[in-house]
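Each remark here refers to the structure printed beneath this line.
The values are calculated or read from the model by the stated rules, or taken from the named source; none is laboratory data. None of the values given here were measured: they were computed from a predicted structure. Here the Cβ positions follow ideal geometry from the backbone for every residue, glycine too, while neighbour counts run over all protein chains shown.
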Amino acid sequence: MYTSWVLTVLTLFAVCAPVFAEPAPQDRVYTADQNSNTVSVILFIAAGQVAWMIAIVMGLCNIFGAWIGTHMALKHGARVIRPLLIIVSLALTLKMLLDPANPIRGLLVR
């Protein structure tokens, strides 16, 4: 059963990879990531495992957030973006460390 999916994925990689065969050196990781994401989307759609309403809302929020972030970075520069990045990173780290399901929390809190 899974053999056909594996063959499909390998075939899609073989077909898609030559299209992006000549990227600039700094874009090679992005191209591999892009191919992987494209194949994943195709497989999830083919398997009927996409929650379309959630996917559309998440996509629109992603676009809107990227737009706000880009304009904020262009308007205010590093003096706003750097502290914001540090604050968000620390908040997410704290959230993960305080999560009861996190196995590292058991090492920190006894």
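Is it the case, given these coordinates, that Met96 is outside the structural domain of Val41 (by TED's automatic domain parsing) and over 28 Å from Val41 (Cβ atoms)? Working first, answer last.
Working: outside the structural domain of Val41 (by TED's automatic domain parsing): yes; over 28 Å from Val41 (Cβ atoms): no.
The answer is no for Met96.
The requirement of being β-branched (Val, Ile, Thr), part of a helix (DSSP H, G or I) and surrounded by 10 or more Cβ atoms within 10 Å (Cβ to Cβ) is not satisfied by Val50.
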